[in-house]
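Heads up: the structure comes next, in structure tokens.
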Amino acid sequence: MSKFKFAMYWAGSCGGCEIALLEIQAKIIEVDQNYDVVFWPAAADFKYKDVEGYDDGYIDVCLFNGCIRNSENEHLANLLRAKSKVLVAFGACATMGGIPGLANLSSAQEIKDLVYTQTPSVDNPDKVYPQERFTVPEGELDLPHMYDTVKTLEQTVDVDYFMPGCPPEAHQIAGVLDVVTAALKGEGELPPKGATIGVAPKSCCDECERVKDEKKIAGFRRIWEFFPDREKCLLEQGVICMGPATAAGCGARCTSVGMACRGCYGPPEGVVDQGAKMLSTLASIIDAPDPDEIARIAATVPDPVGTFYRFGLASSLLRRARV
Amino acid sequence: MSDNGFEPRLIGFLCRWCSYNGADLAGTARLKYPPNMVPIKTNCSGRVEPTHIMKAFADGADGVIIAGCHPGDCHYINGNYRTAGRYPLMEKLLEQLGLEHGRVRLEWVSAAEGDKFARVVGEFTEEIRALGPLGWSEQFKDEAAAVAPEAVTA
Ligand code: SF4
Ligand code: SF4
Ligand code: SF4
């Protein structure tokens, strides 16, 4: 029988999600047995116009990683939506904006000013900025328009499935591909549309093997200020760990090697806003006799937005900072 | 009323045991205060999560007030302590996102303090009027429309 059609695309992406797909190791051979790659800029030479030439729904499954940061990202999101039967928002950037979503703390102009004029190592006395359009003898050149606000894939087009993680873990990718392939072959069912896939029930804490006791802390510490106990919950030692506000699925990769969870798997099921959830969790475990003391300790978190919304600012209720 | 016609839209989360009754008392005593605040009855001020406050701003509120029982008087013993503990961290976070200090206000209003309730709502309305409209969702309006379709080529 003919193979299914596979596409993968990077929009506002670091490329890590593309590498993550290869981490399924020998299983990639199964992917090759079942699918023809019809678009995958990181791995094969296809042009946008090839995709434009496909019939709608031609691609069986498209893994879309990266955020929507500029007009080119948006164009490809629309194009791949139309051409794909199953469109998966793949990775933290596509599902929540990811690290690039922190650009929502600034405007596009502020970022350009920083990069092209204010960075100490930049020598640009004439304040030359890249132009979106430029006429050369051969014709007009253009660059994508950079938006002020980083968007998620879902804020741009209709999405079938959401697969969080920065990047998604290999065992979860393998599991998801198995389910999708089986469904395409008629040997299984797809999850309900809109489902978050490649995650586990409950929160990162449920997968974390550190010993949990009563969560009561007297203040916050950073990981380089002391030697954390190897066995005990990091949050109970005063290290801000996003575990309670993060979906399970990675196997608590970070806490098992002594790093606090940064929240890349996004909010657990039922949590609307990951940062808001973490904020109330933190405030409720501070052990102090009166509200003023709780308040004083809580206010010592140096960068609440960058800590609680490291991956999820673009998908949060407020989505960005006012500029 | 203001010259520019701006009427602040305020959301008030009122604890049902104290502040909501304080609001009732202000009403039955026929105290005058501005009509700008939409009251939402909550079981406890501790039940008001940061999520609720952010949702209010995202959906168009210009200011949010959380009113609960005085410290020590909480029906659930320490719900209002939790509110107070969350509040400074949330304020810091909201300020990082560009919301001016003062758009969220925490007040303790007992069931007997109808006059305090009326005064707080009056003061808060004027403070938010001075800050001006927040217009959070306005920021997301015209991005996509700003891009000329021909600017996108393969
Ligand atoms: S989710 Fe992480 S790995 Fe994937 S593109 Fe974004 S930053 Fe890179
Ligand atoms: S808070 Fe962090 S360290 Fe503690 S149990 Fe949860 S994931 Fe593990
Ligand atoms: S522990 Fe947290 S930050 Fe680390 S991989 Fe898992 S979800 Fe992501």
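Each row is one residue, and each column tells you yes or no for (1) assigned to a loop (DSSP other than H, G, I, E, B); (2) more than 22 Å from the chain's Cα centre (by Cα).
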{"position": "A:Gly251", "(1), (2)": "yes, no"}
{"position": "A:Met259", "(1), (2)": "yes, no"}
{"position": "A:Lys277", "(1), (2)": "no, no"}
{"position": "A:Val301", "(1), (2)": "yes, yes"}
{"position": "A:Val305", "(1), (2)": "no, no"}
{"position": "A:Ser315", "(1), (2)": "yes, no"}
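Put simply, of A:Ala288, A:Ala276 the only residue that is modelled with pLDDT under 95, away from ligand 3 (no atom under 16 Å from the Cβ) and within 14 Å of another protein chain (Cβ to nearest Cβ) is A:Ala288.
Of all residues in the stretch B:1-11, those being part of a loop (DSSP other than H, G, I, E, B) and modelled with pLDDT of 90 or more number 4. Pairs meeting the criteria (first residue in the stretch A:268-282 and of a type in the set (Phe, Trp, Tyr), second residue buried (at least 17 other Cβ atoms within 10 Å of the Cβ), beta carbons under 6 Å, at least 6 apart or on different chains) are lacking. The residues listed here are A:Asn78, A:Asn124; of these, the one that is touching a residue at least 40 places away in the same chain (Cβ under 8 Å) and of a type in the set (S, T, N, Q) is A:Asn78. Taken over the stretch A:142-166, the criterion of being away from chain B (no Cβ under 14 Å) and of a type in the set (Ser, Thr, Tyr) is satisfied by A:Tyr161 alone.
Please verify whether A:Ala252 is of a type in the set (A, V, I, L, M, F, W, C), in contact with a Cys (Cβ under 8 Å, 6 or more places away or on another chain) and on the phi > 0 side of the Ramachandran plot, treating the condition exactly as stated. Yes; evaluated as a whole, the condition is true for this residue.
Screening A:Leu105 on (1) more than 16 Å from ligand 1 (Cβ to nearest atom); (2) in contact (Cβ under 8 Å) with a residue 40 or more places away in the chain; (3) under 19 Å from A:Phe6 (Cβ atoms) shows it passes everything except condition (3).
Residue under question is A:Pro304, and the condition is that it be within 28 Å of B:Gly60 (Cα to Cα), buried (at least 22 other Cβ atoms within 10 Å of the Cβ) and more than 7 Å from every other protein chain (Cβ to nearest Cβ); does it hold? Don't jump to the end; show me each part of the working.
Details: within 28 Å of B:Gly60 (Cα to Cα): yes; buried (at least 22 other Cβ atoms within 10 Å of the Cβ): yes; more than 7 Å from every other protein chain (Cβ to nearest Cβ): no.
Spelling it out, it is not the case that A:Pro304 is within 28 Å of B:Gly60 (Cα to Cα), buried (at least 22 other Cβ atoms within 10 Å of the Cβ) and more than 7 Å from every other protein chain (Cβ to nearest Cβ).
Mind listing just one residue for me: the one in the stretch B:12-42 that is touching a strand residue (DSSP E or B) at 6+ places or on another chain (Cβ under 7 Å) and part of a loop (DSSP other than H, G, I, E, B) and, of those, surrounded by the fewest Cβ atoms within 10 Å (Cβ to Cβ)? Checked the stretch B:12-42; the qualifying residue surrounded by the fewest Cβ atoms within 10 Å (Cβ to Cβ) is B:Arg16. Could you please let me know if A:Phe226 is over 27 Å from A:Cys67 (Cβ atoms) and either assigned to a loop (DSSP other than H, G, I, E, B) or under 17 Å from the mean Cα position of the chain (by Cα) (or both)? So A:Phe226 fits the description; yes.
The values are calculated or read from the model by the stated rules, or taken from the named source; none is laboratory data. Worth saying up front: this structure is predicted, and the values here are computed from it rather than measured. Here Cβ is always computed from backbone atoms with ideal geometry, including for glycine, and neighbour counts include all displayed protein chains.
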